[in-house]
Structures are given as C-alpha cells and as structure tokens.
Amino acid sequence: ALPFPASPPPGPPERERCPDGRDVAESPRPSDASGPAVRRILARGALVVGVDQNSYLWGFRTPDTGRFTGFDIDLVEAVAEELLGPDARVVYRAVPTSERIRLIREREVDMVVRTMSITCERRREVAFSAAYFEAGQQVVVPRRSGITGLDGSLTGKRVCSATDSTAEALLRELDVVSRGVETVTTANHLDCVVLLQLGEADALVTDSALAAGHIAQDPTLRPVGDPLTVEPYGVAMHPDDEDLVRRVNRALEGFTAGGADSAWHASYERWLADHLEDPDPRPPVPVYRD
C-alpha cells in the first residue's frame with residue numbers, strides 16, 4: 001500500500017474556489033421580488049422541502065410527536081414565513097443524501113435544506129443560497145479504536161461515507177483505496193454509524209457538524225484528527241429558480257440579523273452549543289455576486 005502523506009499541508013484548510021476563481025459560496029443578492037418559482041409556491045399555498053429525518057441536532061423526527069425539528073428545520077420555517085407569511089404550510093419530505101440533487105432537478109421539492117455542502121461540482125447541477133453554516137470533514141471512530149485520523153492508521157481498515165457526499169468525494173480524491181483502505185458507502189451517514197456500531201466499519205468520514213450529532217447520540221464514538229476541509233452549507237434549489245434563491249437569501253438575512261440576538265444564534269444555542277467547541281459561533285459572511 002502507498003504511504004499516507006507524512007503530514008497534512010501547512011495551515012488550516014481553506015474554502016474551495018471554483019475554476020473561474022469565484023468563491024464557492026457566491027450567491028445572488030437578496031430580493032423581495034416574486035418571479036415564476038415564488039409564484040408557483042404561492043399558488044400551491046405550501047413550501048415543499050427536502051430534509052433529513054436522521055441527523056440529530058440538524059433535521060430529525062422527535063420520537064414523541066414525529067415532527068421534524070433541528071437547526072435546519074428552524075431555517076426552513078424562517079424561509080417559509082418569508083415566502084408565505086406567518087403560519088406558513090410546509091410539506092417536509094425526508095430525502096437520503098444520494099437523492100438530494102435528483103429531487104431538486106426533477107422539481108419534486110422546491111428546495112433541500114439538509115446540511116448540504118456547497119461545492120463547485122454541485123453548483124453545476126443546482127443553485128445555492130448564501131452560506132448559513134460552515135463545517136469540515138472529520139474522521140469519527142469508536143472510542144477504543146487506534147485510528148488517529150486520515151493517516152496510515154487507516155491502512156487495512158474499512159471507512160464508511162454516504163453516497164454522493166463530500167466525504168465520499170474526498171476519499172476518492174485522496175485515492176485512499178490505493179493506500180490499503182477499504183471504502184464502504186451507504187445511502188445516509190447515519191447508516192455508517194450503524195455499521196460502526198455493528199463492527200462492520202472501522203471509521204466514518206462526515207461533516208464535523210453532523211459528527212457532533214452522532215456523538216451526542218452515541219458517546220461510544222469520538223472524532224479524531226483535525227477537520228480536513230472547510231465546507232459551507234447552503235439551501236439548494238433548481239438552477240432556473242433565481243427568484244427563489246434571492247428570496248431565500250432575504251430570509252437568511254433576517255435569520256442571521258441581530259448578532260447574538262439573531263434567530264440564527266437562538267437556534268445555535270438550542271441545538272448546537274452543547275455539542276460544538278466554538279467559543280464565538282457566528283454565521284458565515286454572505287458573498288453576493290451582483
């Protein structure tokens with residue numbers, strides 16, 4: 001097997017820049033105008049959103065009521081209110097990681113709000129809002145594991161990631177298979193957690209923010225190594241729906257306005273503060289292209 005690099009590149013990882021030199025999270029400026037996509041939602045009287053039902057803290061069903069809840073769901077409600085007013089009707093569709101882009105492109109959902117990392121490759125297929133959170137890929141292992149990160153300790157081990165996730169892309173880019181690592185993919189990152197629990201995988205690679213939810217649910221897991229990337233999360237929409245992207249960005253401006261008194265901070269405190277080690281949490285600064 002090929003040796004892993006002796007050390008990672010110097011300095012912390014940086015956000016991806018696309019081949020045209022633009023910031024990966026660049027998005028159209030907010031607007032309150034209603035174009036074809038917004039009018040379609042208004043005529044229906046409901047917003048149809050693809051979300052996760054298995055990501056504790058982000059998007060999950062509560063066992064007692066079966067309702068969707070979490071940080072992403074708080075954002076969905078803010079977007080729905082921007083589009084449809086108070087008491088807006090939202091139709092939630094639970095979608096696996098591997099189906100997010102197809103459902104948007106086939107217009108089975110108006111948008112996906114599901115800890116979806118904005119990448120240059122994905123931007124060729126869907127449109128994104130401005131970034132509302134930043135995370136990075138992280139290796140997660142059982143507490144008693146001898147694995148220390150994305151390094152030689154993985155040689156001969158089985159590493160799980162979700163199909164069509166940025167974790168899967170990273171493992172492919174690093175060609176870990178040629179370094180003696182067996183890769184396993186599943187429809188959702190939670191399925192990887194189950195494989196870890198069953199001893200059918202030795203490590204999971206997923207976003208650090210999602211990893212925090214897994215570890216909160218299962219304290220026998222722990223993160224190892226430093227975050228490997230910097231990835232902004234965005235709301236994903238159909239590439240033809242620019243009027244909707246602008247309205248979502250307007251909702252995001254409202255959600256993040258007010259600093260420590262913002263709805264973003266209230267949601268962070270409710271869901272994430274106890275599980276993420278960030279002394280000064282704040283939303284990413286939006287980057288607008290016009």
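The values are calculated or read from the model by the stated rules, or taken from the named source; none is laboratory data. Since the model is a prediction, treat every value here as computed from it, not as a measurement. Note that we place each Cβ from the backbone using ideal geometry, even for glycine, and neighbour counts take in every protein chain shown. For accessibility, only protein heavy atoms count, side chains too; no ligands or nucleic acids. Shrake-Rupley method; radii C 1.70, N 1.55, O 1.52, S 1.80 Å.
Annotations
- Mean Cβ neighbour count within 10 Å, used as a protection proxy, ranking 36-42, 127-133, 273-279, 169-175 highest first: 127-133, 36-42, 169-175, 273-279
- Here's how it looks for Glu134: its modeled amide H is under 5 Å from those of Tyr233, which are all 5 or more places away or on a different chain.
- Scanning residues 5 or more positions from Ala162 or on other chains, those with amide H under 5 Å from its amide H are Glu168, Thr186, with H placed 1.01 Å from N in the peptide plane.
- For the range 100-155 versus the range 219-256, the spacing of their alpha-carbon centroids is 10 Å.
- 3J(HN,Hα) couplings calculated from phi for the range 90-101 with the Karplus curve 6.51 cos²θ - 1.76 cosθ + 1.60 (θ = phi - 60°) are, in sequence order, 10, 9, 8, 10, 6, 10, x, 3, 5, 9, 4, 5 Hz; Gly and Pro show x.
- Residues whose amide H falls under 5 Å from that of Asn54, counting only those 5 or more places apart or on a different chain, are absent, with hydrogens built in the peptide plane.
- Table column - 3J(HN,Hα) (Hz), the range 35-49, Karplus curve with 6.51, -1.76, 1.60, x for Gly and Pro: x, x, 5, 5, 5, 4, 5, 4, 5, 6, x, 7, 9, 9, 10
- Placing +1 on each Lys and Arg Cβ and -1 on each Asp and Glu Cβ, with no other charges, gives the range 137-224 a dipole about its Cα centre of roughly 340 debye.
- Rel. contact order, % - alpha carbon contacts under 8 angstrom, at least six apart, the chain: 30 percent
- Inverse mean reciprocal Cα-Cα distance (Kirkwood Rh) of the range 59-179, Å: 17.1 Å
- Alpha carbon convex hull of the range 182-290, volume per residue in cubic angstrom: 152 Å³
- Normalised per residue, the volume of the convex hull around the Cα set of the chain (Å³): 136 Å³
- Cα point-scatterer Debye curve for the range 219-274, base-10 log of I(q)/I(0) at q = 0.20, 0.25, 0.28, 0.30 Å⁻¹: -0.94, -1.04, -1.10, -1.14
- Percent of beta bridges antiparallel (DSSP, the chain, rounded to nearest 5): 55 percent
- Rounded to 10°, Cα long-axis angle of helix 208-217 versus longest principal axis of the chain: 80 degrees
- Beta bridges by DSSP in the range 137-224, antiparallel share as percent, to the nearest 5: 55 percent
- Environment charge at Ala212 (Cβ cut-off 12 Å; Lys +1, Arg +1, Asp -1, Glu -1): -4
- Lys/Arg +1, Asp/Glu -1 at C-beta; the range 137-224 dipole; positive extreme among Ala211, Ala162, Ala187: Ala211
- Over the range 113-259 - Rg/Rh using Cα atoms and the Kirkwood inverse-distance radius: 1.03
- nm² value of the averaged projected area, convex hull over the Cα atoms of the range 154-217: 4.0 nm²
- Protein heavy-atom accessible surface, 1.4 Å probe, per residue over the range 137-224: 41 Å².
- Once both labels are positioned 7 Å from their Cα atoms along Cα-to-Cβ, the gap between Ala187 and Ala33 label points is 4.0 nm.
- Surface share of carbon and sulfur [accessible, 1.4 angstrom probe, percent] for the range 137-224: 50 percent
- Rounded to the nearest Hz, the phi-derived 3J(HN,Hα) couplings of the range 68-76 under the Karplus curve 6.51 cos²θ - 1.76 cosθ + 1.60 (θ = phi - 60°) are 6, 8, x, 4, 4, 5, 4, 5, 4, where x marks glycine and proline.
- Under the convention that each Lys and Arg Cβ holds +1 and each Asp and Glu Cβ holds -1, the size of the dipole of the chain around its Cα centre is about 480 debye.
- Calculated diffusion of the range 1-143, Stokes-Einstein form, Kirkwood radius summed over Cα pairs, 10 °C and 1.306 mPa s, µm²/s: 91 µm²/s
- Estimated inter-spin distance, Arg17 and Arg172, nm [label 7 Å along Cα→Cβ]: 2.5 nm
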